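Structure first, then comments.
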Amino acid sequence: MIQQQLAPAKINLSLHVTGRRADGYHLLQSLVVFADFGDTLRVELADQMALNVTGPMAAGVPMDHRNLAWRAAALFARPASISLEKHLPAEAGIGGGSADAAAVIRAMTNLTGTPTDLTAQAQLGADVPVCVLGQAAVMQGIGEQIQPIANCPSFHAVMVNPGARLSTPSVFSALQRPDNPAMTDLPQTRDPAVWLDWLRNARNDLQAPAIALAPVIATCLDVIADGPGCLLGRMSGSGATCFGLYANAQQAAAAADDIASAHPDWWVRACQFNAAPCGPS
Ligand code: C5P
């Protein structure tokens with residue numbers, strides 16, 4: 001039996017860094033949603049581990065134990081054969097490897113009937129547990145505390161990666177201070193206008209250090225914010241992918257066309273950020 005799973009892009013609509021632990025890890029509060037666009041994985045039980053990577057973003061992606069998808073399969077007692085069709089840019093603040101690992105965990109749980117625990121998932125990467133859940137959630141601690149958010153609306157959006165590759169540790173190292181104000185209480189309604197107001201008052205505390213390392217991110221955010229119909233522009237995760245939110249799919253598609261025409265070397269995708277759980281693609 002083959003399990004097919006979408007590994008959707010993970011978007012941090014907000015990301016507040018509120019402290020730093022003695023071991024150097026940072027305490028986070030982040031509202032996370034998932035795009036209706038991502039990598040595709042096909043997983044089946046096999047006699048030995050195998051990983052094959054194809055797709056438009058496959059260049060440079062390792063096909064062995066260095067790949068998080070491989071390490072996720074190794075959490076289970078049975079070997080697996082994995083085909084990964086890579087559409088998401090790597091080291092881009094939108095989950096990438098974590099989303100792939102989570103999709104493998106979902107597939108292998110279905111195939112073997114064996115669950116994995118959150119600690120094992122988090123050891124693969126701080127974003128893996130929330131990606132396994134695959135629906136709107138607030139992530140706290142260092143990523144291991146996850147609360148699903150039932151009343152988060154979906155958003156029409158554009159994701160834009162201006163090409164800079166940033167490693168997560170280098171962005172955390174460039175952060176000026178770890179003790180930033182916490183997120184305020186989430187809206188109790190599903191009204192997108194109320195959520196947009198809430199989001200405008202939220203932040204991504206990694207945006208400024210990421211811009212210090214890769215100034216093109218500031219240009220990218222200006223291009224998104226200055227385009228017609230943009231309701232909010234922000235960077236996701238530790239960058240460099242930024243996003244814009246729009247009132248409808250037509251405006252998001254038009255913005256994506258404009259940005260892609262003006263910046264043909266940037267990665268640009270119109271999409272929807274979903275609040276509901278993701279399933280097989
Ligand atoms: O777990 P992940 O691979 O996403 O983390 C990469 C690096 O980012 C960590 O080794 C650490 O330097 C930094 N990080 C952090 N605090 C977090 C998550 C990541 O300092 N909560």
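We did not get these values from a lab; they are worked out from the coordinates using the rules stated. Since this is a predicted model, take the numbers as computed values, not measurements. Counting neighbours? That spans all protein chains shown, and the Cβs are built from the backbone with ideal geometry, glycine included.
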* Structure fact -> Measuring from the longest principal axis of the C-alpha atoms of the chain, the long axis of helix 192-201 (C-alpha) lies at a number of degrees, nearest 10, equal to 80
* Theoretical FRET efficiency, 1/(1+(r/R0)^6), r = Cβ-Cβ of A74 and M1, R0 25 Å, to 0.05 -> 0.80
* Within 10 Å of each residue's Cβ, count the other Cβ atoms and sort V61, V194 from fewest upward. => V194, V61
* Measuring from centroid to centroid over Cα atoms, what is the spacing of the stretch 158-205 and the stretch 1-66 in Å? -> 19
* To do: Within 10 Å, count the other beta carbons around each residue, average over each peptide in 154-161, 183-190, and list them highest first.
  => 154-161, 183-190
* Hey, quick one: spin label on N201, modelled 7 Å out along Cα-Cβ, who in the stretch 2-29 has an amide N within reach, i.e. under 12 Å? -> none
* To do: For each of V216, V33, count neighbouring Cβ atoms within 10 Å of the residue's Cβ, then give the residues from fewest to most.
  => V216, V33
* So how much slack lies between T189 and T119, counting 0.36 nm per residue of separation and subtracting their Cα-Cα distance, in nm? -> 22.0 nm
* Given the rule -39500 (n - 2.57) for each run of at least 4 DSSP H residues, summed and divided by the residues of the chain, what is its mean residue ellipticity at 222 nm, to the nearest 500 deg cm²/dmol? -> -8500 deg cm²/dmol
* To do: Compute the acute angle (0 to 90°) between the alpha-carbon long axis of helix 216-226 and the principal axis of greatest extent of the alpha-carbon atoms of the chain; round to the nearest 10°.
  => 60
* Three-way shape label, the stretch 155-274, alpha-carbon gyration tensor, a/c 1.5 -> oblate
* Full extension from D265 to S170: what is 0.36 nm times the residue separation minus their Cα-Cα distance, to one decimal in nm? -> 31.8 nm
* Asked: Once the dipole of the stretch 12-100 is set up with Lys and Arg at +1 and Asp and Glu at -1 on Cβ about the Cα centre, which of L41, P89, V53 lies farthest towards its positive end?
  -> P89
* Rounded to the nearest 20 debye, dipole of the chain from Cβ charges on Lys, Arg, Asp, Glu -> 300
* Structure fact -> Proxy exposure order for C152, C242 (fewest C-beta within 10 Å first) is C152, C242
